[in-house]
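Undergrad: Handing you this structure, nothing more for now.
The values are calculated or read from the model by the stated rules, or taken from the named source; none is laboratory data. Please read these numbers as outputs of a predicted model, since none were measured by experiment. As a convention, Cβ positions derive from the backbone with ideal geometry for all residues, glycine included, and neighbour counts pool all protein chains shown.
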Amino acid sequence: MRKKIVAGNWKMNTTPAEGLELVKNVMAQSAEVCECVNFIVCPPFTHLSQVAEAAKGSRVAVGAQNCAAEAKGAYTGEVSAAMIASLGVEYVILGHSERREYYGETSETLNKKMAQAYANGLKPIYCVGERLEEREAERHFEVVKAQIEEDVFNLTEEQFADLVIAYEPVWAIGTGKTATAEQAEEIHAYIRTVLAEKFGEAAASTPILYGGSCKPSNAQEIFAKENVDGGLIGGAALKAEDFVAIGKGF
C-alpha cells in the first residue's frame, strides 16, 4: 500500500504568526480525515523552525521548499540541508517548476541538492512536469522522462525508497487550469513505468503526487485514479479548511 500524501507548498506566503496559526488549524482539523492520509506543510524558511516545533508529535510532517546545493560556506542567502534537518524537518521540495524557471535550476544543480538532502536525512519531494508549449507539442512524456533519468536514476535503492515524486503540469500552476483526472492518471502511470525501468518492483511503492491546481472540488476525482497518490497543493494549502478538505478526497 503506497502512502497517501497531501503536501502543502506555501511558497512565499504567510508571516511567521500567520504560518503558526495555519499549521495549528491544519493539525486541529486533520482529526476529521482518515489516518491513512499523511499531511505535510512546507512553509518559508523564516518560520520553518516555529512550524516544525508546533507540529512535533502530530500527524502533520514539515518540509522545506528548497535547500542549497552545497554543504556550507560562502553562499550568501542560501540555507543548507543540514540547517533544515537540524530543525526537525522531514521533507524538502526539489526541482519545483518555479525554481527551474525563475532561478535557472538545472539537473546538475538538482543532483547536488538531492545529494545534500539524502546526506542529511531529508526526504525529497522531487518535482517533474512540462510547460504548455511542451504539452501542446506532445513532448510531455519526453520532458518528464528526461527529468527523472537525470536526477533520479543515479539514486541508490535505499535513497529511492525515501523519494516522493510530484508531477506538476506547469501550465496548470496558478492558472486555474487543471489536467483532467484521465490526463493525470496517464502521466502518473507513465512515470511509474519509467521508474520501474531502473528500480523494478520498488517503483510500485513510490508515492506520485499531482501538483496542478488541486482543490477540494476536484481532489476526489483525481485521487480516485490508480497511480495518483495525493497532491502537492499550492493556493488551497493556505486555507486550513481547504487543505484538510483535499485530504478527504481519498
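Undergrad: Residue check, E138 against (1) modelled with pLDDT of 95 or more; (2) on the phi > 0 side of the Ramachandran plot, all met but one. Which one?
TA: Condition (1) is where E138 drops out.
Undergrad: Another question, then. If you scan region 197-227, which residues turn out to be buried (at least 24 other Cβ atoms within 10 Å of the Cβ) and part of a loop (DSSP other than H, G, I, E, B)?
TA: Listed by number, the residues that qualify are G211, G212, C214.
Undergrad: Please go through region 166-196 and give me each residue that is of a type outside the set (G, A, S) and in contact (Cβ under 8 Å) with a residue 60 or more places away in the chain, ordered by number.
TA: The answer is E168, V170, I173, I191.
Undergrad: Being hydrophobic (A, V, I, L, M, F, W, C), under 26 Å from E133 (Cα atoms), outside any loop (DSSP other than H, G, I, E, B) and in contact with a helix residue (DSSP H, G or I) (Cβ under 7 Å, 6 or more places away or on another chain) is true for just one of A179, A237, A189, A184. Which residue is that?
TA: Going through A179, A237, A189, A184 in turn, the sole match is A184.
Undergrad: Same structure, new question: Within the group L132, L195, which residue is under 22 Å from I222 (Cβ atoms) and touching a Ser or Thr at 6+ places or on another chain (Cβ under 7 Å)?
TA: Result of the check over L132, L195: L195.
Undergrad: Can you pull out every residue in region 54-64 that is within 13 Å of the chain's Cα centre (by Cα) and either surrounded by 20 or more Cβ atoms within 10 Å (Cβ to Cβ) or within 20 Å of G129 (Cα to Cα) (or both)?
TA: Those that are within 13 Å of the chain's Cα centre (by Cα) and either surrounded by 20 or more Cβ atoms within 10 Å (Cβ to Cβ) or within 20 Å of G129 (Cα to Cα) (or both): V62, G63, A64.
Undergrad: Still on this structure: Please name all residue pairs, on different chains or six or more residues apart, with Cβ atoms under 6 Å, provided the first residue is in region 123-138 and is among the small types (G, A, S) and the second residue is part of a strand (DSSP E or B) and at pLDDT 95 or above.
TA: Going by the 6 Å Cβ cut-off, the qualifying pairs are G129/Y167.
Undergrad: Please specify each residue of region 2-32 satisfying the condition of being part of a loop (DSSP other than H, G, I, E, B), closer than 13 Å to F243 by Cβ and touching a strand residue (DSSP E or B) at 6+ places or on another chain (Cβ under 8 Å).
TA: Answer for region 2-32, where residues must be part of a loop (DSSP other than H, G, I, E, B), closer than 13 Å to F243 by Cβ and touching a strand residue (DSSP E or B) at 6+ places or on another chain (Cβ under 8 Å): just W10.
Undergrad: Which helices (runs of 4 or more DSSP H) does region 65-165 wholly contain that include 1 or more residues that are surrounded by 15 or more Cβ atoms within 10 Å (Cβ to Cβ) and within 18 Å of the chain's Cα centre (by Cα)?
TA: In region 65-165, the matching helices (runs of 4 or more DSSP H) lie at 81-85, 97-103, 107-119, 140-151, 157-160.
Undergrad: Kindly establish whether V62 is more than 22 Å from I233 (Cβ to Cβ) and modelled with pLDDT of 95 or more.
TA: For V62, the condition - more than 22 Å from I233 (Cβ to Cβ) and modelled with pLDDT of 95 or more - is not met.
Undergrad: Just to check your reading of the model, which residue among D162, D242 is more than 24 Å from M12 (Cβ to Cβ) and either at pLDDT 95 or above or in contact with a Pro (Cβ under 8 Å, 6 or more places away or on another chain) (or both)?
TA: Exactly one of D162, D242 is more than 24 Å from M12 (Cβ to Cβ) and either at pLDDT 95 or above or in contact with a Pro (Cβ under 8 Å, 6 or more places away or on another chain) (or both), namely D162.
Undergrad: While we're looking at this one, here's another question. All but one of (1) farther than 30 Å from E149 by Cα; (2) aliphatic (A, V, I, L, M); (3) surrounded by fewer than 20 Cβ atoms within 10 Å (Cβ to Cβ) hold for I246; state the number of the condition that does not hold.
TA: It is condition (3) that I246 fails.
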